[in-house]
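Each remark here refers to the structure printed beneath this line.
The values are calculated or read from the model by the stated rules, or taken from the named source; none is laboratory data. Source: prediction; values computed, not measured. Quick reminder, even Gly has a Cβ in these numbers, built from the backbone with ideal geometry, and neighbours come from all protein chains shown. Only protein heavy atoms, including side chains, enter the accessible area calculation; ligands, DNA and RNA are left aside. Shrake-Rupley method; radii C 1.70, N 1.55, O 1.52, S 1.80 Å.
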Amino acid sequence: MEQPAEQSPVPIPATDSGEFRPAGSDRVNRTRKLLFRRMLVGIKDGRFFLGSFYCMDKQGNIILQDSMEYRSTRRSSPSPMEQRCLGLILIPSSCRTSCHVDCSVEEQLSLLSLSEK
Amino acid sequence: MAEMRTDEAAFGVAISGRTSIPSGENSVWADVSPLLEAACEDLQEGELIHGDNFNLFAAMSALEIMDPKMDSGIVCTYYSLEEAIENGAAPVPISVDKTTDIRCTIDIMDHLLACEATWHKGHSLAQTVYSCLYLLRPERTLSHALLHAYCKVIHVTCKAVLSVVSDARTHEEEDLFTMAYGLPLGGGDRDERCLSMLNAVEETISRQLRACKASSSKRRLLEDIEPLQSNPDLEEGYCRALLCRLRFRKHFYHLLMSMKRPQGRGLELARKHIASCILELDGCLKSSEFLRASAHGMCEKNIQDTTASGCQAIGFDASLNCRLSAPTPPRSIKILSWVKAIEYFLKLLRDLDIVCSYSLVPSLEAALHFVIKFQKSQPDLVARSHLQLLLVQDGKLYGQIPIFAVITGAAGLPEVTNDHDIQKNEFVVQLGQLVINLLKILCTNAAWQRRKLGKMLQDWRVTYVQLELAFKNEFGEGSKPSNNELRFKIFQQILMWVEEQTYWIASRFLILGFELELYSVHDYYMVYWYIYAILIKLAEKTHLRIVMNNSTAKKKAKKKRDSFKDAGRDYQISAAVLFLQSQIYLAEGLSMMFAALRNEHIILAPQGPFNTEHEIFIQQFELLQKACLPDHVSYMSFKESTKLVNFSTLAMCDYFKEAQRIAKDVKSSFANDPDKMAELRRVEQVAEHNNIALNVICRVGAIDPSLKVTFEFSHHPFFATAIVKRS
């Protein structure tokens, strides 16, 4: 990560309950709630990475833990996919094309409504 | 991973339709990109979103995706081998035009040779030889007899080389060499078939060559032979170019197979194949001119020059199986040029020829000297592996001589001892293992070798102490039982030999430091001092062993008939010891000269803030000190013997003159040993030059501050020659 090692100035809630609200914005807190969720990131060259959301910085670089790499065997769709384990990876925001998290349908609606605000 | 769900709508929501990565049970993939983007805007500079378990140190080790130095999975041109093939990256036939097809086939052969040499130099097989798409799908080339036969022989050759190197385990530094997961290597009964295919193709082409050279009258008889390609002007050139390439592969494969035969039985045959290989490689080089001319302007320029024609070879893509070399990060590999590859193979063949020319002399000393001499030409991994497999097979020397017999032979014991019970003693067994390890280590590259030798010294030392203890327990102090005289004798002489061998290893360890350039000029005086201390011990042990052997031999001779000639021989110093003595004088002289230069401030010791002289001493000789080689030698004793040296005292001790004199005298004893003769000549030269330099320094050193003394290794690989200049 290119970010300096300095501690986040915002206190981080220990649980998802969000009982003690920090001073950070609502959007940051919402994102914080996504930590440790299964996240699927697509990148420019067509590969996808699936891992648990570990960290994100201001520039939008994402670190995933215990990640798997998925790649199609063909450029043309649809095709079978190859996969392999990669572990801890850093996906620079510059090559990210899509980003999804695994959630229930109700949650999806709330996430969408929030992002439209 | 959650199990695949049948309801496509549930997970197809988010991802562009063509992927099938399932989300969890009763859940969907929700697009969070807008949320993340918004969060980034709100984050402050340097602020991170992370959980309690966040560890910056761990985060630093994350693999960066799309970084060419870290991400081996970057999709370059094609998503998969199948896609590459479907897109025509490796067509069969390569071209419908027969002439183009042949031209391209030759390019593929040449590029494969370059890849093979690059692999031998220590790169991964997946990214060199197996960057060839034809090799990755062997069944596809079935209809193209020529290409198919060539690919097959490459498969089996790679497998053979791989097995030699991994059996010998000489590849420690070149750790990528033996990685071959997931690659279709040759194997089993198919290996034999590859040769018959190769022979059939060769036969066809040599008939085509004969046909195109035949005069028109004969041509009618040969009319049923279809030409190799469509352009009659190029027929002969292409036939020749192909033949030398095919024949090289055939002989190279035969060579590997002959060298594999147990107990060196195939060495003579192997030499014949080496000669043929060299001949065919020469043919390949000569074909270059024709190939360049005929391919002129017909193809994409080959920037790396990996083919004889200068064309880019078709059907190679190293990025496709880059992921097979994981878990290592991807490495950029520069494939050797074709000319360099041929040079590599010529050197490999010459090195293998040296291995094959060895006459398997049944003595450890001979074997050790052979390896050391062989290593001087800095042979590559493959040649070294072959030598090692020849030396040690089934735990025996050359696969023939049991290691206990090797030890008794080296210790100078008569052959009757070869089957003695004592070989079952656990420490003797341990010693046998050490001898085998020593032989193996000497076949590795210089850096690895030195490290391993240094560590091994302690094992030798411990084994010596254990053997000595066992000896004392059995025979008690001083008493020599008459009933088991032979057992006593074996113990005694093996003990002596173990000490001698340990000092030999120590001297090799020190000398390798010069080859690896581990010593600075300022360390020389302690290095030579240590070499001197080790050589003295080595000479002492060698002398004792020789005296003891002689007395044994003499007793035997006396039993048969009286011998007058032997009288007084015990007191003579043998040639082997004198040989060492010349080196001892030289080492001592150099160490004293360096000490005097320091003490009289002609060479100034560096005033570094980090290491004191004592620390450097420990760093250089820690492994020797740990093994007590020699006993009672320490930094103190070193300091003691060098601190008072100056040029006026040095002038009185003629170290160099002595070295020169002994070297000259002892030469006559080694008339039949060209290696020892050459070494003596070198010693003589260094001694002579240093003697002159020393005289000059003694005369003018103290009064002329402009005097500059430098050192070089022009006459000897590790005994420096002093050069005196006025600046």
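For the reader, a short list of remarks on this structure follows.
- The range B:220-284: GluC sites (Glu not before Pro) falling in loop per DSSP and having at most 14 other Cβ within 10 Å: B:Glu223
- Estimated FRET transfer efficiency (B:Gln263, B:Glu236; beta-carbon r; R0 56 Å; 0.05): 0.80
- Accessible surface of the protein assembly as shown, 1.4 Å probe: 53 percent of it comes from carbon and sulfur atoms.
- Dipole magnitude (debye, nearest 20) for the range B:216-300, charges at Cβ of Lys, Arg, Asp, Glu: 680 debye
- Nitroxide proxy distance, nm - points 7 Å out along Cα→Cβ at B:Leu279 and B:Val429: 5.1 nm
- Comparing B:Leu348, B:Gln304, B:Leu142 along the charge dipole axis of the range B:81-351, the residue lying farthest to the positive side is B:Leu348, per the Cβ-charge model.
- Label point 7 Å beyond Cα of B:Glu640 along Cβ direction - residues of the range B:571-587 with amide nitrogen under 12 Å: none
- Taking only the C-alpha atoms of the range B:91-171, Rg followed by Dmax gives 13.8, 47 Å.
- Local electrostatic count at B:Gln581 - Lys and Arg +1, Asp and Glu -1, tallied over other residues with Cβ under 12 Å: -3
- Cα-based Rg and Dmax for the range B:440-513, where Dmax is the largest Cα-Cα distance (Å): 15.8, 49
- Averaging over all projection directions, the Cα-based convex hull of the range B:81-351 occupies 15.2 nm² in the image plane.
- Listed residue (B:Thr612, B:Ile49, B:Tyr238) projecting farthest to the positive dipole end of chain B, Cβ model: B:Tyr238
- Rounded to the nearest 10 degrees, the angle from helix B:446-475 to the longest Cα principal axis of chain B is 50 degrees.
- Förster radius 45 Å - calculated FRET efficiency between B:Leu495 and B:Arg331 (Cβ-Cβ, nearest 0.05): 0.35
- Length added when fully stretched, B:Glu41-B:Thr178, from 0.36 nm per residue minus Cα-Cα: 44.4 nm
- Think of a 1.4 Å ball rolled over the protein heavy atoms: chain B then has 47 Å² of accessible area per residue.
- Seen from a random direction on average, the alpha-carbon convex hull of chain B projects onto 50.8 square nanometres.
- The length gained on full extension between B:Ser357 and B:Val339, counted as 0.36 nm times the residue separation minus their Cα-Cα distance, comes to 3.8 nm.
- A full extension of the chain between B:Cys698 and B:Phe54 corresponds to an added length of 224.9 nm, given 0.36 nm per residue minus the alpha carbon distance.
- Once the C-beta distance of B:Glu86 and B:Arg169 is scaled by a Förster radius of 41 Å, the resulting FRET efficiency is 0.50 to the nearest 0.05.
- Heavy atoms of chains A and B lose about 6300 Å² of accessible surface on contact, summed over both sides with a 1.4 Å probe.
- Chymotrypsin sites (Phe, Trp or Tyr not before Pro) restricted to DSSP loop in the range B:609-663 with at most 10 other C-beta within 10 Å: B:Phe610
- Compactness relative to 2.2 N^0.38 Å, alpha carbon Rg of the range B:411-553: 1.19
- B:Arg292 versus B:Lys626: modelled label distance in nm, points set 7 Å from Cα along the beta carbon direction: 5.5 nm
- Dipole of the protein assembly as shown, positive end: most advanced residue of B:Leu629, A:Ser25, B:Trp497 [Cβ charges, Cα centre]: B:Trp497
- Compactness relative to 2.2 N^0.38 Å, alpha carbon Rg of the protein assembly as shown: 1.26
- Of the trypsin sites (Lys or Arg not before Pro) in the range B:451-534, those whose Cβ has at most 11 other Cβ within 10 Å and which sit in DSSP loop: none
- Rounded to the nearest 20 debye, the dipole magnitude of the protein assembly as shown is 3840 debye, with +1 charges on Lys and Arg beta carbons, -1 on Asp and Glu beta carbons, and the Cα centre as origin.
- Residue pairs exceeding 30 angstrom between C-alpha atoms, taken from B:Lys250/B:Lys340; B:Lys121/B:Lys708; B:Lys340/B:Lys396; B:Lys373/B:Lys664; B:Lys537/B:Lys676: B:Lys121/B:Lys708; B:Lys340/B:Lys396.
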